[in-house]
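> Before I ask anything, let me first share the structure, which is written out below as structure tokens.
The values are calculated or read from the model by the stated rules, or taken from the named source; none is laboratory data. These numbers were taken from a predicted model, which means no experiment stands behind them. Virtual Cβ from ideal backbone geometry, glycine too; neighbours counted across all protein chains shown. With ligands, DNA and RNA removed, areas are computed over all heavy atoms of the protein, side chains included. Shrake-Rupley method; radii C 1.70, N 1.55, O 1.52, S 1.80 Å.
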Amino acid sequence: MDLDSQLPVWYKPISHSYLRRALWHDYKSPCNYMITLSKHPDQSNLSHLDTGMLTMPEPIYPKLLPTGMAISRAFKITIAKYPYIRLLKYVIMPDHMHFILSVTKETPEHLGFYINSIKSACTQENWMRNANCTICHVPVFAEGYNDRILTQANQLNNWFHYISENPKRLLIKQSYPEYFQHAQIQIKHDESHHIYGNHFLLSTPQRFWVKYSSAFSIKQKEEWRKRCIEEIEKESVIVSAFIHPEEKKILESAIASNGKIIQIVENPLLHKEKPEKKRFYLCAEGRFLIISLNQEIIKYDQHMTKPRAILLNELAKKITCVPNENLRIIH
């Protein structure tokens, strides 16, 4: 028997899809969105980044290639046709595009109509501008899109920061792999913690605290599970100490589904120490970060106590909620 068929629906590995939408949201209502479009696999790169840009004054802007230039022109012209949609910010990366839209009033059509209109216009503009380029005669973007819905007060600033830092993050990942090892995170100049792994997960605009309560009713428990899985599907970074067995199940589901994870632990790794094999490879894949509660090794009894669990969960909640501008990485 297939092992997956024996697992609960919420625990099975997730097949990510840009076509999924939030069932609870009205996509014709006034709202702010961060949209991600991926390049069609047969399309040439949209822009270019080189390591020399790291020495340039910030912000870093990708150099647009012919297809990227066509996108930039068609993108702005198309959005201008809809007075109730404002473009707040965008960046064209080599293989994808991020942009923030502000829908200012009720729209006649679903958000997907306007995204498809933008994508079609970009493809047509690319065909016209690059008529002699054989590879250009394929769609610019892959099918579907990913949307993030503004639901929190500080989320919009996080989105702006994320898009501004996107080119720099990619260059650093390519140029300085040592940045994904041991470092310190400083929070509001008040406290600091040891970290190991991909610290860029801290600049992801959407972080979700995975905290289970034993007081949950059966219905609340199921709703909590579904919400956790929805956040993993939406590519949020899940943050937790993963103490309770139910939290550990969500962790395993995220690992199986290529999710992004920040785990809060009690003690830091020593300078030359590495996490156990499973988490080491998750770090190497860029989807795992370990944050330690303590700056130095503190010996505890094996059994987790309630006071210690509270401290770990308080740090997890803080990491989830603190605005990106109040987080500083120190190497």
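> Taking the Cβ of residue 204 as the centre, find all other residues whose Cβ is under 13 Å away and add up their charges (Lys, Arg: +1; Asp, Glu: -1).
+3
> Now a separate question. Classify region 91-192 as rounded, prolate or oblate from the Cα gyration tensor: take a ≥ b ≥ c as the square roots of its eigenvalues, call it rounded if a/c is under 1.5, otherwise prolate when a/b beats b/c and oblate if not.
oblate
> Over the chain, what is the relative contact order in percent, taking alpha-carbon pairs closer than 8 angstrom and at least six residues apart?
Worked out over the chain, it gives 20 percent.
> In square nanometres, what is the average projected area of the Cα convex hull of the chain?
So the Cα hull casts an average projection of 20.4 nm².
> What number comes out for accessible area per residue over the chain if the probe is 1.4 Å? Units Å², please.
Computed with neighbouring chains in place, this is 52 Å² per residue.
> How would 280, 180 rank on accessible area, largest to smallest, probe 1.4 Å?
Correct descending sequence by accessible area is 280, 180.
> If I build a Gaussian network model for the chain, linking alpha-carbon pairs within less than 10 angstrom, which residue out of 172, 243, 298 has the largest mean-square fluctuation?
Residue with maximal mean-square fluctuation among 172, 243, 298: 298.
> Here's another thing I want to ask about it. Pairing the Cα long axis of helix 66-79 with the longest principal axis of the chain, what angle in degrees results, from 0 to 90 and rounded to the nearest 10?
That works out to roughly 90 degrees.
> I would also like to ask the following. For the chain, the longest stretch holding no trypsin sites (Lys or Arg not before Pro) located in a DSSP loop with at most 11 other Cβ atoms within 10 Å is which?
Within the chain, the longest run free of exposed trypsin sites (Lys or Arg not before Pro) spans 106-271.
> How much accessible surface area, in Å² rounded to 10, belongs to the heavy atoms of residue 53 with a 1.4 Å probe?
Ignoring ligands and nucleic acids, residue 53 comes out at about 10 Å².
> May I have the convex hull volume per residue, in Å³, for the Cα set of region 37-153?
Each residue corresponds to 129 Å³ of Cα convex hull volume.
> Taking 45 Å as R0, compute the FRET efficiency from the Cβ-Cβ separation of residue 252 and residue 190 and round it to 0.05.
Efficiency computed from Cβ-Cβ geometry: 0.85.
> Report D for region 128-239 in µm² per second (integer): Stokes-Einstein, Kirkwood Rh on Cα pairs, 4 °C, 1.567 mPa s.
72 µm²/s
> Give the accessible area for residue 193 in Å² (nearest 10); use a 1.4 Å probe, count only protein heavy atoms, and leave out ligands, DNA and RNA.
My reading of the accessible area for residue 193 is about 10 Å².
> To continue, here is another question. Picking from 82, 196, 33, which is most flexible by a Gaussian network model of the chain using Cα springs under 10 Å?
Its mean-square fluctuation being the largest, the pick is 82.
> What is the helix-to-structure angle for 155-175, meaning the angle in degrees between its Cα long axis and the longest Cα principal axis of the chain, kept from 0 to 90 and rounded to the nearest 10?
90 degrees
> Let me ask something else. Going by accessible area, probe 1.4 Å, with all protein chains left in place, what is the ranking of 325, 143, largest first?
Ranking 325, 143 by accessible area, largest first, yields 143, 325.
> Which percent of Cα pairs goes in each bin when the distances of region 187-317 are cut into 5 angstrom slices starting at zero?
2, 10, 19, 24, 21, 14, 7, 2, 0, 0
> Carbon and sulfur atoms: what percent of the 1.4 Å accessible area of region 145-268 do they account for?
Carbon with sulfur: 49 percent of the solvent-accessible area.
> Okay, next question. Assuming R0 = 56 Å, what is the FRET efficiency of residue 105 and residue 271, from their Cβ-Cβ distance, to the nearest 0.05?
Calculated transfer efficiency: 0.50.
> Provide 24, 224, 209 ordered by accessible surface of protein heavy atoms (probe 1.4 Å), highest first.
Descending accessible area places them as 24, 209, 224.
> Which of the GluC sites (Glu not before Pro) found in region 243-276 are loop residues per DSSP with 14 or fewer other Cβ atoms within 10 Å of their Cβ?
Within region 243-276, the qualifying GluC sites (Glu not before Pro) (loop, at most 14 other Cβ atoms within 10 Å) are 273, 276.
> Hey, another quick one. Provide, in order from the shortest bin, the percent of all Cα-Cα pairs of region 279-331 in each 5 Å bin, continuing until the bin that contains the maximum pair distance.
Calculated P(r), rounded to whole percents: 4, 13, 17, 23, 22, 15, 5, 0.
> Now for a different question. Of 259, 52, 322, which is farthest towards the positive pole of the chain's charge dipole, taken about the Cα centre with +1 and -1 on the beta-carbons of Lys, Arg and Asp, Glu respectively?
322
> To test your reading of the geometry: what angle, between 0 and 90 degrees and rounded to tens, separates the Cα axis of helix 245-256 from the longest principal axis of the chain?
Roughly 40 degrees between the two axes.
> Another question, then. So, in Å, what gap is there between the alpha-carbon centers of region 58-92 and region 271-331?
38 Å
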